[in-house]
Structure formats: structure tokens, C-alpha cells
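Following: one structure in C-alpha cells, then a few remarks.
Bear in mind that the values in this text are calculations on the coordinates, not laboratory data. Worth saying up front: this structure is predicted, and the values here are computed from it rather than measured. Quick reminder, even Gly has a Cβ in these numbers, built from the backbone with ideal geometry, and neighbours come from all protein chains shown.
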Amino acid sequence: MQIANLDIVRQIGEEYGWSDHQIEMALMTAIRLCYMDYGMLTEVDVNIKEGTISARRRNGFADKGVWIDINNPLMPSVKMFLAVMEMLQWGDGSPGRVLEGKVAGFRDGGVIYRVTDNMVYVPESLLSVMDYHNKPELGTEQVLALCASKTNGMRLATRRGKEFVAAVMECYYPGCISGIWMGASNSWAVIRMSQEHVSEWLSQGGVNIKHLQGVLGVRRITLIPEGYGEDEQLSRDNELRHFVNNAWKDCKIGNLEPEKVVIYTPMGTEDPRKLRTFTSMLKKIAPEREQVIM
């Protein structure tokens, strides 16, 4: 169905919670794409408040007889307009959408970000561990994952939790994550992926994974390759061995059974918090196994 007038455009935009300016930007982009089908570059202006649309050619390259009617410009279909809205990455209400925002202020312990022409709020409970302890400076650009809800007219976003970590990593390698666990108050991420992806993330001295830690605001990321073996149990055992080795290389697995794992910790371990964090993560990764720590 072809969009007939600005009333339809406004109605669609309002259903998605968009401001007039966002709707105007989306429609201008969609109209330009319509003219690109004819090999024409155009300048387009949309004014929702005045109810006007104007367009003019930017060059003379086009099929003979194809001209812009500024009083009746080409209009996109509803499907195309919605596709442009999706491309502009806003307003569809689905949580997990990744955007970059600039720190614009602070409120009640949380941080306010400017994203395009909007303000987004990350409450204190959804800040990354690094941001929680050291608030970012004004003007700092950080990655956010949108939430569907609002507060005081601002969209909520998050910078913590496994959904946030997974959403950002998927921007680098779509489909790379097959398992993710968070521990140590969301400051430690354990991520399972193929051996190929693990090698890519850890190449050149792990520069990629170190950069990602800063982007995510976490203190530690541990990667474990997907297990392999003749059956599911052997695959799970293989993954658990990789976790123990990568998370605390000085530990040794003494015995590994379907219902139990025996782990020898280093002699003279004097940090009970480190041990609690390790065993807590181990329980998340292998909840079916009894832990015997020696």
C-alpha cells in the first residue's frame, strides 16, 4: 500500500513512539530511495507541523521524461517506510537494540545519554560495573542496549547483564555466541563460542577482547570453545575443562563425573572472595554437578 499523505506517516510514527523530527527524517530518507530507483539524487524536506513535502533534483542524470513534481513527489509504500524506520535503529520498542550514546548528564545515580535527537536514561542499577564505580565524563561516547520501557518520557537503556554483552558481541560476529554466563556482580562474563571465533577474539595478544572489555565496562571476559566428543556428556566435560583452565589456570581437575567435579585449588590460596566467585560461576556453567573443592 502506497503512503498517500502525511497523516498516515504521522500515525505510523506515533505508534512507534517517534518524535516529529524522527518521522520527518525517516520519510525524507524513504522518498530519496524512491527517486534512486530512477537513478536520481534528490534533496527532500518534510515538515510535519506545516504538512508540507518539497523535493528537488541534485543532478541531471535520469531517464528522459522522469522529473520531480515538487507538489506531488514520489511516496514510499508503508512496507518501505517501516523498513527505513528499522534501518534508522530507533523506536521499534524491541529491547536489545544496540546504539551509541553521548553522556549528557546525571540523575539519581544514573546516566543520561543523547542518542540522535533523543535522551536515553540508564538507571544506576543498569550501569556497567566500571560506570557504577567511576561515572563517565560528560561527552563520553558509550554503547547502550535499548529497553522497551520509558521513564519521565525517556527511553530506558542498559549497560550490564548477559543480554547487553551478547547484543554488543553479536554486532561484531553475528551468531558467534552459543552460551553466556555473568558473575561477580556482572563484572565477569564467560562466553562460549566456536573454536574459530575464540581464536579470532584472542588473536594478536587478545587485543580484541581487551578492547571489548572497555566497551562493555566489565573487568573480565573468559572465552571457552564449544565442547567436542563422541556424545553430549564428553562435550560437556570438554567445555568444563576449558573453563577451569581458562578461568583459573592454577586449578586442577582431580575427578570429573556426570554428577560431580573434584577441583584442587593452588596451595596457599588466601583470597576467599576469588574462590567464591570461581565456584559460583562454576555452578552456573555446570549446575548438575556437585563441587568438591580441595
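Over every Cα atom in the chain, the radius of gyration and the widest Cα-Cα span, Dmax, amount to 25.6, 85 Å.
What is the range 163-293's relative contact order, in percent, from Cα pairs under 8 angstrom and six or more apart in sequence?
Values: 171 pairs, mean separation 23.7, N = 131.
This gives 18 percent for the range 163-293.
Among Lys210/Lys283; Lys102/Lys249; Lys162/Lys252; Lys49/Lys79; Lys210/Lys260; Lys135/Lys260, which pairs are too far apart, with a Cα-Cα distance over 31 Å? Correct reply: Lys102/Lys249; Lys210/Lys260; Lys135/Lys260.
Based on the Cβ-Cβ distance from Ile293 to Arg219, what FRET efficiency comes out when R0 is 25 Å, to the nearest 0.05? Please list the in-between numbers first.
Working: r = 23 Å, r/R0 = 0.91.
Rounded to the nearest 0.05, the efficiency is 0.65.
Here the gap between Asp7 and Asn47, fully extended at 0.36 nm per residue and compared with their Cα-Cα distance, gives a gain of 13.2 nm. Full extension of the chain between Leu82 and His133 gives 14.3 nm of extra length, using 0.36 nm per residue less the Cα-Cα distance.
Placing pseudo-labels 7 Å out from each Cα toward the beta carbon at Asn246 and Arg56 gives an inter-label distance of 5.8 nm.
Full extension of the chain segment joining Leu275 with Arg114 gains 53.9 nm, where the gain is 0.36 nm per residue of separation less the Cα-Cα distance.
Over the chain, what is the relative contact order in whole percent, taking alpha-carbon pairs under 8 Å and six or more residues apart? It would help to have the intermediate numbers written out before the result.
On the way: 475 pairs, mean separation 28.9, N = 294.
Once normalised by length, the contact order is 10 percent.
Residues whose amide H falls under 5 Å from that of Ile221, counting only those 5 or more places apart or on a different chain, are Ala189, with hydrogens built in the peptide plane.
Filter the GluC sites (Glu not before Pro) in the range 215-294 to those in DSSP coil with at most 13 other Cβ atoms within 10 Å of their Cβ, and list the result. Present the calculation step by step, with values, prior to reporting the outcome.
On the way: sites: Glu226, Glu230, Glu232, Glu239, Glu259, Glu270, Glu288, Glu290; in loops: Glu226, Glu230, Glu259, Glu270, Glu288.
Qualifying residues, ordered by number: Glu230, Glu259, Glu270, Glu288.
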